[in-house]
């Protein structure tokens, strides 16, 4: 899919954000480890996109905080997969996702934390509904906050073509935000490293949200 989309891209517009949707597992690997098959596919697609587009910057929904969290959780030092590719083309790389302190500042809450709050509440919900509800609330209320944060990290380079790597599930909503801001978007590729389990998880979550539109405004 990546190669076909790149071949058809119009790269003449300066105020253009090129989006590449991935499963987050392709964005980091243990330091000095060989890339997985999915990560190799990501590297090839990213390299081809940079070569075709000539972006002023390669940015991503990722952070040094996320790398440190992986190190803490796994006991292994992790490194970005994206940054060395950008460096090899001498293109600036930028992490755009909020770290722990920035999340507190913007009031961001993860779906897993929301699910834990629901589990400890007086609501009589099954485990499955707790998870569905927690992540549905994150998507409805907190994704717009997070995606606005990404946009704010890129305002200084929005008048140049840039390539942004993000979780595949964010592609449609982030594209809408950018377009509402008057920024043109092109999706370079989608679903790199996204598994069937990922797809099923987001389908369940989005279905739950469609059945409970009140979650977009009501409190827990």
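Worth pointing out:
- Checking each residue in the stretch 26-65 for being in contact with a strand residue (DSSP E or B) (Cβ under 8 Å, 6 or more places away or on another chain) and part of a helix (DSSP H, G or I) picks out 26, 38, 39, 41, 42, 45, 46, 49, 50, 53, 64.
- Residue match in the stretch 166-181 (condition: free of Cβ contacts under 8 Å to residues at least 40 places away in the same chain, surrounded by fewer than 17 Cβ atoms within 10 Å (Cβ to Cβ) and under 13 Å from the mean Cα position of the chain (by Cα)): yes
- Residue check for residue 108: crowded, with 16+ Cβ neighbours inside 10 Å and over 24 Å from residue 152 (Cβ atoms): no
Yes/no matrix, rows are residues, columns are (1) at pLDDT 95 or above; (2) outside any loop (DSSP other than H, G, I, E, B); (3) out of contact with any strand residue (DSSP E or B) (no Cβ under 6 Å at 6 or more places or on another chain):
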site: 93; (1), (2), (3): yes, yes, no
site: 109; (1), (2), (3): yes, no, yes
site: 134; (1), (2), (3): yes, yes, yes
site: 137; (1), (2), (3): yes, yes, yes
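- Per the listing 215, 125, the residue uniquely farther than 21 Å from residue 26 by Cβ, assigned to a loop (DSSP other than H, G, I, E, B), in contact with a helix residue (DSSP H, G or I) (Cβ under 7 Å, 6 or more places away or on another chain) and at pLDDT below 95 is 125.
- Residue match in the stretch 62-76 (condition: within 24 Å of residue 199 (Cβ to Cβ), touching a helix residue (DSSP H, G or I) at 6+ places or on another chain (Cβ under 6 Å) and at pLDDT 95 or above): no
- Residue within the stretch 195-203 that is in contact with a strand residue (DSSP E or B) (Cβ under 9 Å, 6 or more places away or on another chain) and either in a strand (DSSP E or B) or more than 16 Å from residue 141 (Cβ to Cβ) (or both) present: yes
The values are calculated or read from the model by the stated rules, or taken from the named source; none is laboratory data. Quick caveat, the model's predicted, so the values are computed rather than measured. FYI the Cβ positions are ideal-geometry reconstructions off the backbone, even for glycines, and counts take in every protein chain you see.
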